[in-house]
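K.L.:
Structure in structure tokens, see below.
The values are calculated or read from the model by the stated rules, or taken from the named source; none is laboratory data. Just so it is clear, the model here is predicted, and its values are computed rather than measured. Using ideal geometry, Cβ is built from the backbone for each residue, glycine included, and neighbour counts are taken over all protein chains shown. Quick note on the areas: whole protein, heavy atoms, side chains included, nothing else; ligands and nucleic acids left out. Shrake-Rupley method; radii C 1.70, N 1.55, O 1.52, S 1.80 Å.
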Amino acid sequence: MTDADFSEVASLAYQHTGIVLAEHKKDMVYGRIARRIRHHKLSSFRQYLDFFKSNTESELSDFINALTTNLTSFFREPHHFNFLQQHWLPKQKSISSSKRRLRIWSAGCSIGQEVYSIAMSLRAAGLPSGWDCKLLATDLDSNVLDTGRRGIYPDSAVAGLPSDILSRFFDRKTNSTVQVKPALQEMVFFKRLNLLEPWPMSGPFDVIFCRNVVIYFDKQTQRNLFDRYADILSTDGHLFIGHSENLHGITQRFESLGQTIYRKIR
């Protein structure tokens with residue numbers, strides 16, 4: 001992979017996803033695009049880039065899937081789920097009529113563990129049975145979305161979860177896998193979405209999780225994205241971002257509640 005090859009891959013990644021691939025990502029890019037080269041029985045990065053230009057529509061999804069990182073786990077950054085369970089949902093219940101509409105979006109949902117953690121937190125907090133609660137889970141990577149829809153995970157993914165959570169929200173699938181129970185799966189809708197493209201949903205959302213996603217974007221892309229989040233959030237909507245991210249110098253439309261939890265103010 002020449003420097004020119006890497007620059008072209010980085011340019012294509014930015015053009016189609018907004019992801020910024022810095023110089024230190026060269027080894028990662030090499031390993032991941034090399035798999036696509038082998039898959040198509042090509043012999044060089046130049047050949048692959050030429051192939052991509054001629055077959056962009058059919059290859060784009062696999063190109064994106066190869067470059068995106070999908071590190072996730074159940075109840076990752078647990079303070080966010082504690083906030084939902086101990087503060088946010090009780091407040092909704094205190095100001096609500098008997099039937100309430102709740103919409104939550106997990107943007108960059110990976111294989112679904114985040115959005116199912118949200119659903120489990122709401123159920124554990126006593127989500128009223130009559131409420132209309134739907135969770136949208138989106139990601140660039142079509143492969144991880146398929147995993148999320150199936151809701152089947154290896155035992156290693158649920159190791160360490162409390163026994164009451166396991167028994168309440170998971171069924172044994174095989175000797176080494178579990179599956180999210182249907183009642184939880186029915187709350188979640190998985191859709192492929194490029195955050196930089198037009199969004200088909202109109203909102204409003206009460207909560208948006210966008211954690212460890214914007215670290216791949218440049219500052220202007222972040223500004224545009226957080227503006228769009230603010231536009232689609234309800235008046236008192238909440239935004240959750242990753243532990244290494246912040247909104248300082250990016251937007252003034254949110255106030256910090258601490259622990260990378262934000263509330264929309266305008």
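K.L.:
From a point 7 Å beyond the Cα of His79 in the direction of its Cβ, which residues of region 227-259 have a backbone N at a distance under 17 Å?
P.N.:
Backbone N within reach: 239-248, 255-259.
K.L.:
Please work out how much length the chain gains when fully extended from Met28 to Ser256, using 0.36 nm per residue of separation minus the C-alpha to C-alpha distance, in nm with one decimal. Each step should come with its number before you reach the end.
P.N.:
Values: separation 228, 0.36 × 228 = 82.08 nm, distance 3.39 nm.
Length gained between Met28 and Ser256: 78.7 nm.
K.L.:
To test your reading of the geometry: what angle, between 0 and 90 degrees and rounded to tens, separates the Cα axis of helix 3-17 from the longest principal axis of the chain?
P.N.:
30 degrees
K.L.:
Additional query: Which residues' amide hydrogens lie under 5 Å from the amide hydrogen of Gly242, considering only partners 5 or more residues apart or on another chain, with H built in the peptide plane?
P.N.:
Long-range HN contacts for Gly242: Asn212, Val213.
K.L.:
Extending each Cα 7 Å along its Cβ direction at His40 and His87, get the distance between those two points in nm, one decimal.
P.N.:
Distance between the two pseudo-spin positions: 4.9 nm.
K.L.:
Report the charge-dipole magnitude of the chain in Debye, nearest 20, computed about the Cα centre from +1 at each Lys and Arg Cβ and -1 at each Asp and Glu Cβ. The partial results should precede the final answer.
P.N.:
On the way: 34 positive and 27 negative charges, 158 e Å.
Rounded to the nearest 20 debye, it is 760 debye.
K.L.:
Choose one of Ala157, Val188, Asn175: the residue whose Cα lies farthest towards the positive end of the charge dipole of region 145-211 (beta-carbon charges +1 Lys, Arg; -1 Asp, Glu; about the Cα centre).
P.N.:
Most positive-ward Cα: Asn175.
K.L.:
I'd like to check one number: the per residue accessible area of the chain, probe 1.4 Å, reported in Å² as a whole number. Don't skip to the end; give the middle numbers.
P.N.:
Values: 12860 Å² over 266 residues.
I get 48 Å² per residue for this part.
K.L.:
Also, quick follow-up: Amide H to amide H, which residues 5 or more places from Phe205 or on other chains are under 5 Å from it, using H placed in the peptide plane?
P.N.:
Leu233, Ser234
K.L.:
I've got another one for you. Round to a whole number: what % of the accessible area of the chain belongs to carbon and sulfur, probe 1.4 Å?
P.N.:
Working: 6480 of 12860 Å².
That fraction is 50 percent.
K.L.:
Listed highest first by mean packing, meaning other Cβ atoms within 10 Å per residue, what order do 220-228, 23-31 come in? Show your work: numbers first, answer last.
P.N.:
Numbers: 220-228: 16.4, 23-31: 12.7.
Ranking, from highest mean packing down: 220-228, 23-31.
K.L.:
Let me ask another. Just round it to a whole percent: the fraction of Cα-Cα distances in region 63-190 exceeding 25 Å. Walk me through the numbers before you get to the answer.
P.N.:
Working: 1982 of 8128 pairs.
Value for region 63-190 (Cα pairs over 25 Å): 24 percent.
K.L.:
Same structure again: Straight distance only, please: which lysines reach the Cα of Lys53 with their own Cα at less than 23 Å, same-chain residues fewer than 8 apart left out?
P.N.:
In chain and number order, the partners are Lys25, Lys26, Lys41.
K.L.:
For q values of 0.10 Å⁻¹, compute log₁₀ I(q)/I(0) with the Debye formula on a Cα-only model of region 30-130, without solvent.
P.N.:
Debye output, listed in q order: -0.50.
K.L.:
Using Cα atoms only, what is the angle between the long axis of helix 113-124 and the major principal axis of the chain, expressed in degrees (0 to 90) to the nearest 10?
P.N.:
In the chain, helix 113-124 runs at an angle near 0 degrees to the longest axis.
K.L.:
Rank His39, His16, His243 by mean-square fluctuation in a GNM of the chain with C-alpha springs under 10 angstrom and give only the top-ranked residue.
P.N.:
Taking springs between Cα atoms under 10 Å, the residue moving most is His39.
K.L.:
For region 124-266, just run the numbers: alpha carbon Rg, then divide by 2.2 N^0.38 Å, N being how many residues it has.
P.N.:
Ratio of Cα Rg to 2.2 N^0.38 Å: 1.18.
K.L.:
Give the distance, in whole Å, between the Cα centre of region 156-227 and the Cα centre of region 18-97.
P.N.:
13 Å
K.L.:
Where does the chain land at 222 nm, in deg cm²/dmol rounded to the nearest 500, when only DSSP H runs of n ≥ 4 count, each adding -39500 (n - 2.57), divided by all residues?
P.N.:
Numbers: 12 runs with 114 residues, N = 266.
Dividing the helical sum by the residues of the chain leaves -12500 deg cm²/dmol.
K.L.:
Please work out whether region 3-67 counts as rounded, prolate or oblate from its C-alpha gyration tensor, where a ≥ b ≥ c are the square roots of the eigenvalues and a/c under 1.5 means rounded, while otherwise a/b larger than b/c means prolate and anything else oblate?
P.N.:
Numbers: a/c = 1.55, a/b = 1.20, b/c = 1.29.
Taking the square roots of the gyration eigenvalues as a ≥ b ≥ c, region 3-67 is oblate.
K.L.:
Picking from Gln113, Gln15, Gln47, which is most flexible by a Gaussian network model of the chain using Cα springs under 10 Å?
P.N.:
Gln47
K.L.:
Still on this structure, I have one more. Can you tell me which aspartates and glutamates have their Cα less than 12 Å from the Cα of Lys191? Leave out same-chain residues fewer than eight positions away.
P.N.:
Within reach: Asp139, Asp141, Asp146.
K.L.:
Can you compute 3J(HN,Hα) from phi for each residue in region 221-231, using the Karplus curve 6.51 cos²θ - 1.76 cosθ + 1.60 with θ = phi - 60°, rounded to whole Hz and x for Gly and Pro?
P.N.:
3J(HN,Hα) across region 221-231, in whole Hz: 5, 4, 4, 4, 5, 5, 5, 5, 4, 4, 5.
K.L.:
Can you tell me which lysines have their Cα less than 18 Å from the Cα of Lys173? Leave out same-chain residues fewer than eight positions away.
P.N.:
Within the straight-line limit of under 18 Å, Lys173 reaches these lysines: Lys181.
K.L.:
Could you give me the radius of gyration and the Dmax of region 178-221, taking only the C-alpha atoms into account and expressing both in angstrom?
P.N.:
14.3, 41
K.L.:
A follow-up question, please. Compute the long axis of helix 56-67 from its Cα atoms, compare it with the longest principal axis of the Cα atoms of the chain, and write down the angle in degrees, 0 to 90, nearest 10.
P.N.:
Tilt of helix 56-67: around 70 degrees.
K.L.:
Once the Cα atoms of the chain are picked out, what are the Rg and Dmax in Å?
P.N.:
Rg, Dmax (Cα atoms, Å): 19.8, 64.
K.L.:
For a quick check: with amide H placed at 1.01 Å from N, whose amide H comes under 5 Å from Phe254's, ignoring anything fewer than 5 positions away on the same chain?
P.N.:
Amide H neighbours of Phe254: Ile265.
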